Amino acid sequence: MTSVQSRDRETLYDVMRRHIRPGSIIISDGWTAYATLVELPEGYIHKAVNHSENFVGTVSGAHTNIVESLWQKFKLRHNVDYSTCLS
């Protein structure tokens, strides 16, 4: 995890380039900032899950359960209301 000042596409891609190897498979939810991920020159492979439809991708089998669990544990341990930070 890393703290960021902004949750926009440019910030996301900058963090990804610094921490994720080119060619890696990235599994995410359907947030629009991920829409052009496969167009980056690093050659990332993107698998998305649309949580408004299901929690496991029907074709890819991709899911975000592990990262969702990690985020929940982080929030519980640090006892901070992140809903105010993310709005």
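The values are calculated or read from the model by the stated rules, or taken from the named source; none is laboratory data. Just so it is clear, the model here is predicted, and its values are computed rather than measured. Positions of Cβ are backbone-derived with ideal geometry, glycine not excepted, and every protein chain shown enters the neighbour counts.
A compact table of results
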read-out: Matching residues, the stretch 29-47, being in a loop (DSSP other than H, G, I, E, B) and of a type in the set (V, I, T); value: T36
read-out: The lone exception for I26 - which of (1) part of a helix (DSSP H, G or I); (2) within 13 Å of the chain's Cα centre (by Cα) it fails; value: (1)
read-out: So V67, is it of a type in the set (A, V, I, L, M, F, W, C) and either part of a helix (DSSP H, G or I) or at pLDDT 75 or above (or both); value: yes
read-out: Residue in the stretch 15-36 that is surrounded by the fewest Cβ atoms within 10 Å (Cβ to Cβ), counting only those that are free of Cβ contacts under 8 Å to residues at least 24 places away in the same chain and closer than 11 Å to A48 by Cβ; value: T32
read-out: Selected residue (only one of G43, G61, G57, G23 is at positive phi and at pLDDT below 85); value: G61
